[in-house]
Amino acid sequence: MPGHLARRFQQIAVAVFLAEVEAAGFDLTPVQYAALAAIAANPALDQITLAGLIAYDRTTITGVIDRLAQKNLVIRRAGVRDRRSRELLITEEGRRTLDAITPAVEAAQRLMVRGLTKVEANELIRLMQKAIAAGNELSRAPLREDAGTQRQ
């Protein structure tokens, strides 16, 4: 069944990601990595927008940001336009980490599809993207590709 296969692939993907990242000397989860990369690509975005960009639950994104801040990879600052909001910025340490961890993340991606040819891996990704796009709104945390344009 597709749901079971998706769950199994997720288990494998997380295990491979964590093993590769740890072997490279880093302590980041896949969600922390996704958040850090999104913050680097979108300076000064708020937590709600970040949650939409990485399709993560809005109520639990705070814990992800807390852990990134504890590791000195991101900072929160008062919003420029709205002092009540908090903007997220990557630190220099965060930028160095993101640059240094990239080879391990790329190796993890290759390992996840190691039983497939390059053509098959591309087809798997295409089909996963198609299925995810069709079911996006059914998720508790739908991907909001336009989230970056909805900053407050």
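Throughout, read-outs are computed from the coordinates displayed, never taken from laboratory work. What you are looking at is a predicted structure, and each value in this text was computed from that prediction instead of being measured. Ideal geometry is used to build each Cβ from the backbone, glycine not excepted, and the neighbour counts take in all protein chains shown.
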**Prompt:** Based on the Cβ-Cβ distance of Arg7 and Gln70, what FRET efficiency does E = 1/(1 + (r/R0)^6) give at R0 = 35 Å, to the nearest 0.05?
**Reply:** 0.75
**Message:** Using 0.36 nm times the number of residues separating Ala23 and Ile132, minus their current alpha carbon distance, what extension gain do you get?
**Reply:** 36.2 nm
**Request:** Please list 6-17, 127-138, 86-97 highest first by mean number of surrounding beta-carbon atoms within 10 Å per residue.
**Result:** 86-97, 6-17, 127-138
**Request:** Would you order Lys71, Lys118 from fewest to most other beta-carbon atoms within 10 Å of each residue's own beta-carbon?
**Result:** Lys118, Lys71
**Fill in**
Amide H proximity to Val74 below 5 Å, modelled H, separation 5+ or other chain, gives Ala69, Thr91
**Message:** Need the full-extension length gain, Ala78 to Glu123, defined as separation in residues times 0.36 nm minus the C-alpha distance. One decimal, nm.
**Reply:** 11.9 nm
**Request:** Give me the angle, in degrees from 0 to 90, between the Cα long axis of helix 2-23 and the longest principal axis of the Cα atoms of the chain, rounded to the nearest 10.
**Result:** 70
**Complete:** So Glu106 and Thr62, fully extended at 0.36 nm per residue minus their Cα-Cα distance, gain in nm 13.2 nm
**Fill in**
Residue-ordered couplings for the range 58-70, obtained by feeding phi - 60° into the Karplus form 6.51 cos²θ - 1.76 cosθ + 1.60 and rounding to whole Hz (Gly and Pro as x), are 5, 7, 9, 5, 4, x, 5, 5, 4, 5, 5, 5, 4
**Message:** Using only DSSP helix segments of four residues or longer, with each worth -39500 (n - 2.57), what per-residue ellipticity at 222 nm results for the chain after dividing by its residue count and rounding to 500?
**Reply:** -19500 deg cm²/dmol
